[in-house]
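Bear in mind that the values in this text are calculations on the coordinates, not laboratory data. Since the structure is predicted, the reported quantities are computational estimates derived from the model, not experimental observations. Please note: Cβ atoms are built from the backbone with ideal geometry, for glycine as well, and neighbour counts cover all protein chains shown.
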Amino acid sequence: MTTGVRRRMGVEERRQQLIGVALELFSRRSPDEVSIDEIASAAGISRPLVYHYFPGKLSLYEAALKRASDDLAARFMEPQDGPLGARLLRVMRRFFDFVDEHGPGFSALMRGGPAVPADGLRSRDAVSRTNALIDGVRQAAYDQILTHLRIENPSARLELVIRSWISLAESTALIWLDGRRIPRQELESQLVHDFAALAAVSAAYDAEMADLLRRILKDEPMDGPFTDLVTGLVTLGAHRAP
């Protein structure tokens, strides 16, 4: 008869395990509500051993946040094949997958991070690091949209459209998490429509944006999300006509 022997983890392996455990707990509850004791118990180690690998809860939270932000940024990556509307819809589905999986942590992150104490207070450096990770995700999303549009030097109006849309996606996800009162699939489609609507409004003021919008719509199939928006607006206008 043999007995199982627990394998001793290396330093980096143990660190990665603790990050994964913390991220899982932070995904289910706000990081403010998760204790070091819970993290240690879930990892199968003692509380002092957690402090051996991380100086405190804040440093562990930041490590988990870095992994989550890398994951979220990667969800905006999409092959540049097919019409833009369909690509954006796939991106939104992956984005909401992340929001769904990491609700409390996503909410805490987008609202400035949890009040995890470091010597009694969150330091300015900690807040800056959290904000830098959030900004990194936003920049990754922005860069991906430009790549899909095949534009290297965006105009001020196009930058405004893309960054406004990214902010809208964030706020929409936060509102959805508060009760999930609107079907998720509808919001995913709505956000794709929102991108087209923002571009259309900007196109009314700028010839370069108008050319870009025409190029986008030219490649859209009749059953694509952008075409759905145009059809819906035309139908709405017909219903309002005398």
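Using a 10 Å cut-off around each Cβ, can you sort 192, 137, 201 from fewest to most neighbouring Cβ atoms? Spell out each step's value before the answer.
Values: 192 25, 137 22, 201 12.
Lowest count first: 201, 137, 192.
Taking 7 Å along the Cα-to-C-beta vector as the label spot, tell me the residue 16-residue 175 distance in nanometres, rounded to one decimal.
Result for the modelled spin labels: 4.0 nm.
How much length is gained on full extension from residue 66 to residue 107, taking 0.36 nm per residue of separation minus their Cα-Cα distance?
13.2 nm
Just want the ordering: 81, 206, from fewest to most Cβ atoms lying within 10 Å of their own Cβ.
Values: 81 7, 206 16.
Taking fewest neighbouring Cβ atoms as first place, the list is 81, 206.
Which one, (i) 0.94; (ii) 0.98; (iii) 1.09, gives Rg/Rh (Cα atoms, Kirkwood Rh) as derived from the coordinates shown?
The value matching this structure is (iii).
Determine ³J(HN,Hα), in whole Hz, for all residues of the range 130-136 in sequence, where each value follows from phi through the Karplus function 6.51 cos²θ - 1.76 cosθ + 1.60 and θ = phi - 60°; x replaces Gly and Pro.
Once θ is set to phi - 60°, the couplings for the range 130-136 become 4, 4, 5, 5, 4, 5, x Hz.
Residue-wise, which Karplus ³J(HN,Hα) couplings in Hz belong to the range 195-205, taking 6.51 cos²θ - 1.76 cosθ + 1.60, θ = phi - 60°, and x for glycine or proline?
4, 5, 5, 4, 5, 5, 5, 5, 4, 5, 10
Using Cα-Cα distances under 8 Å and only pairs 6 or more residues apart, what relative contact order does the chain have, in percent? Please list the in-between numbers first.
Values: 209 pairs, mean separation 49.3, N = 242.
Dividing the mean separation by the residue count of the chain yields 20 percent.
Using θ = phi - 60° and the Karplus form 6.51 cos²θ - 1.76 cosθ + 1.60, what ³J(HN,Hα) does each residue of the range 39-56 get, whole Hz, x for Gly and Pro?
4, 4, 4, 5, 8, x, 10, 7, 4, x, 5, 4, 5, 5, 9, 9, x, x
With each run of n ≥ 4 DSSP H residues scored as -39500 (n - 2.57), what mean residue ellipticity at 222 nm is computed for the chain after dividing by its residue count and rounding to the nearest 500 deg cm²/dmol?
Numbers: 11 runs with 173 residues, N = 242.
Rounded to the nearest 500, it is -23500 deg cm²/dmol.
Taking the range 176-229, which trypsin sites (Lys or Arg not before Pro) meet the DSSP loop condition and have no more than 13 other C-beta atoms within 10 Å?
On the way: sites: 180, 181, 184, 214, 215, 218; in loops: 180, 181.
Passing sites in the range 176-229 are 180, 181.
Please find, in a Gaussian network model of the chain (springs between Cα atoms separated by less than 10 Å), the residue of 69, 107, 164 whose mean-square fluctuation is greatest.
Maximum among the listed residues: 164.
Please order 101, 152, 62 by the number of other Cβ within 10 Å, starting at the fewest.
Numbers: 101 14, 152 7, 62 19.
By the 10 Å Cβ count, ascending: 152, 101, 62.
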